[in-house]
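In what follows, a single structure is set out as structure tokens and then discussed.
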Amino acid sequence: VGDEIWSRNYHREWSETTVSHIRTENGDFVLAGYANIPNQNIWDIWIVKTDEEGNEIWSESYGGDNSDLGMAIIETNDGKYAVGGITDSFGEGREDFYLIKINEDGELLWSHTYGGGNNDRAYSIIQVEDGGFVLAGSTESFGEGGKDCYVVRTDDEGEEIWSLTYGGEEDDLCTSIISTSDGGYALGGSTESFGEGGLDLWLIKLGSEH
């Protein structure tokens, strides 16, 4: 139990970090994270796809003139991939939620940003039954003050349907989201506004109609 079967590393003369990975329906692996561009103090989203033995099939980077980070990846119901993260290159200002969709070969199909004039960071993503997406993270653009939990619901093309914030006057953020059996969502994160004082674990249950 726990014996190593194989290990691989992937490198493109950059400093790379993997934050999220999935195993696809056909057994391949797809890793998502970010890579530091040489001689520049900026990061790009970096995606690596491998076969079931970890042999690289392709790797691609995505982003603009500033830093862009891939924080979570899922396989979509049409066999492609959606990546949620953070962009400082596009959007309303400073950092924004960033959602990109790519095909099986790493080709960018579309991208969208969500947020306001301050820092908004997506850490987790799910796809829901109608093909749309829900991203969860933190916002400093909206809410009650400090950081607040920020949830954005989109259609299957990434167009925003609604967004909501949860929190108090201190820093509160959501770092994970899952679908629940009743059609709603559960959010996990941390709160300084509620609880016993200092930083507490935070669990939020949302209904199907949020």
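Within region 117-148, restricting attention to residues that are charged (D, E, K, R), within 15 Å of ASP172 (Cα to Cα) and part of a loop (DSSP other than H, G, I, E, B), which residue is modelled with the lowest pLDDT?
Only one residue fits best here, namely GLU144.
What's the total number of residues in region 198-210 that are open to solvent by 50 Å² or more (accessible area, probe 1.4 Å), without any contact (Cβ under 8 Å) to a residue 40 or more places away in the chain and either farther than 27 Å from VAL19 by Cα or basic (Lys, Arg) (or both)?
Final tally of qualifying residues: 3.
Output the residue which, of all residues in region 149-176 that are open to solvent by less than 10 Å² (accessible area, probe 1.4 Å), part of a strand (DSSP E or B) and not aromatic (Phe, Trp, Tyr), is farthest from VAL128 (Cα to Cα).
Taking the candidates together, the pick is ASP172.
Do we find a residue being touching a Lys or Arg at 6+ places or on another chain (Cβ under 9 Å), without any contact (Cβ under 8 Å) to a residue 24 or more places away in the chain and polar (S, T, N, Q) anywhere in region 103-110?
Among the residues of region 103-110, at least one is touching a Lys or Arg at 6+ places or on another chain (Cβ under 9 Å), without any contact (Cβ under 8 Å) to a residue 24 or more places away in the chain and polar (S, T, N, Q), which makes the answer yes.
Being touching a residue at least 12 places away in the same chain (Cβ under 8 Å) and in contact with a His (Cβ under 7 Å, 6 or more places away or on another chain) narrows it down to one of GLY168, GLY158, GLY117, GLY137, so name that one.
Numbers: GLY168 fails: in contact with a His (Cβ under 7 Å, 6 or more places away or on another chain); GLY117 fails: in contact with a His (Cβ under 7 Å, 6 or more places away or on another chain); GLY137 fails: in contact with a His (Cβ under 7 Å, 6 or more places away or on another chain).
Selected residue: GLY158, the only one of GLY168, GLY158, GLY117, GLY137 that is touching a residue at least 12 places away in the same chain (Cβ under 8 Å) and in contact with a His (Cβ under 7 Å, 6 or more places away or on another chain).
Restricting to region 100-117, what's the tally of residues that are over 13 Å from ALA32 (Cα atoms) and open to solvent by less than 60 Å² (accessible area, probe 1.4 Å)? Show your work before the answer.
Let us first name the residues in region 100-117 that are over 13 Å from ALA32 (Cα atoms), namely 103-105, 107-117.
Then drop every residue that is not open to solvent by less than 60 Å² (accessible area, probe 1.4 Å), which leaves 103, 110-117.
Residues flagged as over 13 Å from ALA32 (Cα atoms) and open to solvent by less than 60 Å² (accessible area, probe 1.4 Å) within region 100-117 amount to 9.
Under the condition of being open to solvent by less than 50 Å² (accessible area, probe 1.4 Å) and in a loop (DSSP other than H, G, I, E, B), which residue from region 184-196 is farthest from ILE126 (Cα to Cα)?
So the first thing to find is which residues in region 184-196 are open to solvent by less than 50 Å² (accessible area, probe 1.4 Å), and the list is 184-191, 193.
Pick out the ones that are also in a loop (DSSP other than H, G, I, E, B) and you get 184, 193.
Values: GLY184: 12, SER193: 26 Å.
Filtering region 184-196 for residues that are open to solvent by less than 50 Å² (accessible area, probe 1.4 Å) and in a loop (DSSP other than H, G, I, E, B), the one farthest from ILE126 (Cα to Cα) comes out as SER193.
The values are calculated or read from the model by the stated rules, or taken from the named source; none is laboratory data. Note that this is a predicted model, so its numbers are computed, not measured. Cβ atoms come from the backbone with ideal geometry, glycine included; neighbour counts cover every protein chain shown. What goes into the accessible areas is simple: the full protein's heavy atoms, side chains included, and nothing from ligands, DNA or RNA. Shrake-Rupley method; radii C 1.70, N 1.55, O 1.52, S 1.80 Å.
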